[in-house]
Amino acid sequence: MRVPLVDLRAQYLSLKETIDAAIAHVCETACFIDGDAVHKLESEIAALSGARFGIGVASGTDALVLALRACGIGPGDEVITTPFTFGATSEAIMLVGARPVFVDIDLCTFNIDVARIEQAITPRTRALLPVDLFGQMVDRGQLQELCKRYNLKLIIDAAQAIGAKQRGIRVAETGDATILSFYPTKNLGAFGDGGMVLTNDAEIASTVRMLRVHGQSGYGHYEVIGYTSRLDTLQAAVLLAKLPMLEEWNEARRQHAALYQTFLAGTSVTLPGIEPGNYHVYHQYTIRHPQRDALQAYLQQHGVDSKVFYPQPLHIQPPYASLGYHLGDFPCAERATREVLSIPVVPELTTEQVEYVAECICNFLDSA
Ligand SMILES: *Cc1c(COP(=O)(O)O)cnc(C)c1O
C-alpha cells in the first residue's frame, strides 16, 4: 500500500467544480488584486479565528514581518521565540532588525516551554512570538499573564493551527496579532503563497493594511516604507471555495490521530502530548523514537511517506551565528530534532491507510 504525506491533487479533485468556477469568476471580472473574494475571506477567517480584523497578505512570512512592524518591533528589541519551528518565525524577527531570543521547548507538546520564558526576559524584551506548532495552541492564559506583567506584545504564529481551540478560545482571540499561512500544504492551503494577519486592535489592523501597499495611507500618500504584500484575488477565491470544508478536514485529521493513539499507545514510540483543554488540529502528527532514521527507512520501504519536521534547531544555524548560541543550549529542542518523525495524517487518507501506517510502525518495533 502507498501512503503519501500529502495529496494536494486528491483534495483539488474533491472540490474541482467549485474551485474551477471560483477561478473562472475571478478571470471574468478581471479584478486580480483587492477583489471581493479577498474581503470576504478576510472577514470569514477573522470570524472563525475569533478576531475583529483579518488582513490578507502575500505569505505567512510576510504576515509575521508586517505584524511585528505594526506592533512597533524593530532594531534594539528582543523577541522571545522557539528554536524548534519553521525558519520563518525567527527569520521575521531578524528581518525587522530585532533579535530573536530562544527559549527551549516542552518535549511533550513540542511548543515553547512557557514556564521558561520569564527567565529569558530582559529590559530589552518587547514581545513574545510563540508558535502553535503542529496545530496545538500554546497556553494563552499564561502567555497573556506574562505579557501583562512585563508589558510585552504578544504575536502568535498560528501558521499551522487554523481552526484550533483551547477551552473555547480560538487562535486569534488573544494577543496583539496572530498570523496564518495559506501555503498549499497547510490545513487550509491556497494554490500558491498567501497569509493573513489577524488582530482585535484597529490601529494594528490599519498599520498592516498600510504596510502591505508600500506604506500608503491613501493613494500616493506614503507614511512609512512598506512592502508589496497583498493576497491575490485568485488565491482568496480558491481559499473561499475550500473554507466550508475546513472543519470537516480538521475533524478527519483528529480521527486519524485517534486511530494512531489506539494502535500505538503503550509501544516504545512517544506519541504527541495534548495539553488538557486543547483542540489539536494536527497539521502534523509527530511521533518520537530513538531509532527515528531506521523507522523512517523501514516505513519508506513499505510505501509510507514520512518527514522530519525539523531536522535542525534554529539557534545553531548560520543566520543566527551572531547571536552566540551553542549546541547544548536547548536540550529538548535538540533532542526533538534527533527523534521526531511526522507520519501521514491528511484528511484525504482512508482508515485502511492509517491502520496500515500504524501496523508498519508496530512491525518495525517488533523487529527492532
Ligand atoms: C508555514 C509556516 C510559516 C510561513 O509561511 P509561508 O506562508 O510559507 O511564508 C511560518 N511559521 C510556521 C510555523 C509555518 O509552519
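Observations, loosely collected:
- Some residue of segment 135-150 being within 15 Å of the ligand (Cβ to nearest atom), under 16 Å from the mean Cα position of the chain (by Cα), outside any loop (DSSP other than H, G, I, E, B) and surrounded by 23 or more Cβ atoms within 10 Å (Cβ to Cβ): yes
- Any hit, segment 107-121, residues being more than 16 Å from the ligand (Cβ to nearest atom) and of a type in the set (Ser, Thr, Tyr): no
- Scanning segment 257-277 for residues that are of a type in the set (A, V, I, L, M, F, W, C) and either at pLDDT below 95 or closer than 19 Å to Ser367 by Cβ (or both) yields a count of 3.
- Pairs where the first residue, in segment 182-202, is in the same structural domain as Ser49 (by the TED database) and the second is among the acidic types (Asp, Glu) and near the ligand (Cβ under 10 Å from one of its atoms), C-beta under 8 Å, 6+ apart: Phe182/Asp193; Tyr183/Asp193; Gly195/Asp62
- Residue count for segment 333-352, restricted to those that are over 17 Å from Gln291 (Cα atoms) and surrounded by fewer than 19 Cβ atoms within 10 Å (Cβ to Cβ): 4.
- Count of segment 189-200 residues which are part of a loop (DSSP other than H, G, I, E, B) and farther than 16 Å from Arg170 by Cα: 6
- Filtered by the rule that a residue be basic (Lys, Arg) and part of a loop (DSSP other than H, G, I, E, B), segment 207-234 gives Arg212, Arg230.
- Some residue of segment 58-75 being in a strand (DSSP E or B), modelled with pLDDT of 95 or more and of a type in the set (Val, Ile, Thr): no
- Residue match in segment 213-225 (condition: among the aromatic types (Phe, Trp, Tyr) and without any contact (Cβ under 8 Å) to a residue 12 or more places away in the chain): yes
- If you go through segment 180-195 and keep only what is within 12 Å of the chain's Cα centre (by Cα) and near the ligand (Cβ under 7 Å from one of its atoms), you end up with Ser181, Phe182, Tyr183, Lys186, Gly195.
- Selected residue [under 18 Å from Gly194 (Cα atoms), outside the structural domain of Glu275 (by the TED database) and buried (at least 24 other Cβ atoms within 10 Å of the Cβ)] from Ala70, Ala127, Ala46, Ala92: Ala92
- Test result for Asp157, buried (at least 24 other Cβ atoms within 10 Å of the Cβ) and under 21 Å from Ile274 (Cβ atoms): yes
- Options Tyr282, Tyr298: the member that is within 16 Å of the ligand (Cβ to nearest atom) and either over 23 Å from the mean Cα position of the chain (by Cα) or modelled with pLDDT of 95 or more (or both): Tyr282
- The lone exception for Gly175 - which of (1) within 20 Å of the chain's Cα centre (by Cα); (2) surrounded by 23 or more Cβ atoms within 10 Å (Cβ to Cβ); (3) over 21 Å from Gln144 (Cβ atoms) it fails: (3)
- Enumeration of residues in segment 2-20 that are in a helix (DSSP H, G or I) and not aliphatic (A, V, I, L, M): Arg9, Gln11, Tyr12, Ser14, Lys16, Glu17, Thr18, Asp20
- Ile93 passes every criterion in (1) assigned to a loop (DSSP other than H, G, I, E, B); (2) more than 24 Å from Pro276 (Cα to Cα); (3) within 16 Å of the ligand (Cβ to nearest atom) apart from (1).
The values are calculated or read from the model by the stated rules, or taken from the named source; none is laboratory data. On a predicted model such as this, the values are computed, not experimentally measured, just so you know. Because the Cβ atoms are built from the backbone with ideal geometry, glycine has one as well, and the counts that use them run over all protein chains shown.
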